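Trainee: Quick one: this structure, given as structure tokens, is what I'll be asking you about.
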């Protein structure tokens, strides 16, 4: 289980991840968390960096799916706003379910999918359990997170240090 809590890669932000990089690693798709990975918690507006990232993925044939523990309305609205048709809401992370469902929706094996997120105990653990390549990104705005996420961040520190 402990191995499942370590990401394969670490990036400061989404901009450090490129389609070229993913293709070289044999990835055909990317599964993205929303809150504090693409936008600050509960923010509906993607930045120019996120738009550029998505454009790079689309232009280079990388499949994209949003996977979130958020409810259907939040995830659907965000996916529409960023122009992504594939999404999984109520994903039950850290279970593998959301990642496997995303791979199924895109018609790509989970092993050829990169899972990107800001939390070890949900995004990374779930992505690893599904067999995805996992990429941990630095959270965009930890100061404005709900208390329960701040609590999880304390437990993540030993894993991030390694």
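The values are calculated or read from the model by the stated rules, or taken from the named source; none is laboratory data. This structure is a prediction, so every number in the text was calculated from the model and none was measured. Note: ideal-geometry Cβ built from the backbone for every residue, glycine included; neighbour counts use all protein chains shown.
Trainee: Taking residue 36 and the conditions (1) surrounded by fewer than 20 Cβ atoms within 10 Å (Cβ to Cβ); (2) touching a residue at least 24 places away in the same chain (Cβ under 8 Å), which numbered condition does it fall short on, given that it satisfies the others?
Mentor: Evaluating residue 36 over (1) surrounded by fewer than 20 Cβ atoms within 10 Å (Cβ to Cβ); (2) touching a residue at least 24 places away in the same chain (Cβ under 8 Å) leaves (1) as the failure.
Trainee: Right, next: Anything in the stretch 83-135 that is in contact with a strand residue (DSSP E or B) (Cβ under 7 Å, 6 or more places away or on another chain) and assigned to a loop (DSSP other than H, G, I, E, B)? List them, or say none.
Mentor: 84, 86, 91, 108, 118, 132, listed by residue number.
Trainee: Based on what the data block shows, is residue 56 free of Cβ contacts under 8 Å to residues at least 40 places away in the same chain and part of a loop (DSSP other than H, G, I, E, B)?
Mentor: Here the answer is no, as residue 56 does not meet what is asked.
Trainee: Determine whether residue 143 is more than 15 Å from the chain's Cα centre (by Cα) and at pLDDT below 95.
Mentor: yes
Trainee: For the stretch 118-139, which residues satisfy the criterion of being surrounded by fewer than 21 Cβ atoms within 10 Å (Cβ to Cβ) and modelled with pLDDT under 95?
Mentor: 121, 138, 139
Trainee: In the stretch 23-49, what residues are over 26 Å from residue 131 (Cβ atoms) and within 14 Å of the chain's Cα centre (by Cα)?
Mentor: 39, 40, 41
Trainee: Pick from 21, 25: which is in contact (Cβ under 8 Å) with a residue 12 or more places away in the chain and more than 11 Å from residue 140 (Cβ to Cβ)?
Mentor: The unique qualifying residue is 25.
Trainee: Considering each of 96, 115, 91, 102 in turn, give the residue that is surrounded by 24 or more Cβ atoms within 10 Å (Cβ to Cβ), modelled with pLDDT of 95 or more and more than 20 Å from residue 19 (Cα to Cα).
Mentor: Numbers: 96 fails: surrounded by 24 or more Cβ atoms within 10 Å (Cβ to Cβ); 115 fails: more than 20 Å from residue 19 (Cα to Cα); 102 fails: more than 20 Å from residue 19 (Cα to Cα).
On inspection, the qualifying residue turns out to be 91.
Trainee: So, one more: When residues of the stretch 43-69 are filtered for being at pLDDT 95 or above and either closer than 16 Å to residue 137 by Cβ or touching a strand residue (DSSP E or B) at 6+ places or on another chain (Cβ under 8 Å) (or both), how many remain?
Mentor: Residues in the stretch 43-69 being at pLDDT 95 or above and either closer than 16 Å to residue 137 by Cβ or touching a strand residue (DSSP E or B) at 6+ places or on another chain (Cβ under 8 Å) (or both): 13 in total.
Trainee: Taking the criterion of being within 18 Å of residue 99 (Cα to Cα) and out of contact with any helix residue (DSSP H, G or I) (no Cβ under 7 Å at 6 or more places or on another chain), would at least one residue in the stretch 40-50 satisfy it?
Mentor: no
Trainee: If you take the residues of the stretch 50-76 that are farther than 16 Å from residue 22 by Cβ and loosely packed, with under 13 Cβ neighbours inside 10 Å, which of them is farthest from the chain's Cα centre (by Cα)?
Mentor: 73
Trainee: Under the condition of being at pLDDT 90 or above and assigned to a loop (DSSP other than H, G, I, E, B), which residue from the stretch 1-17 is surrounded by the fewest Cβ atoms within 10 Å (Cβ to Cβ)?
Mentor: Step by step, filter the stretch 1-17, then rank; the result is 12.
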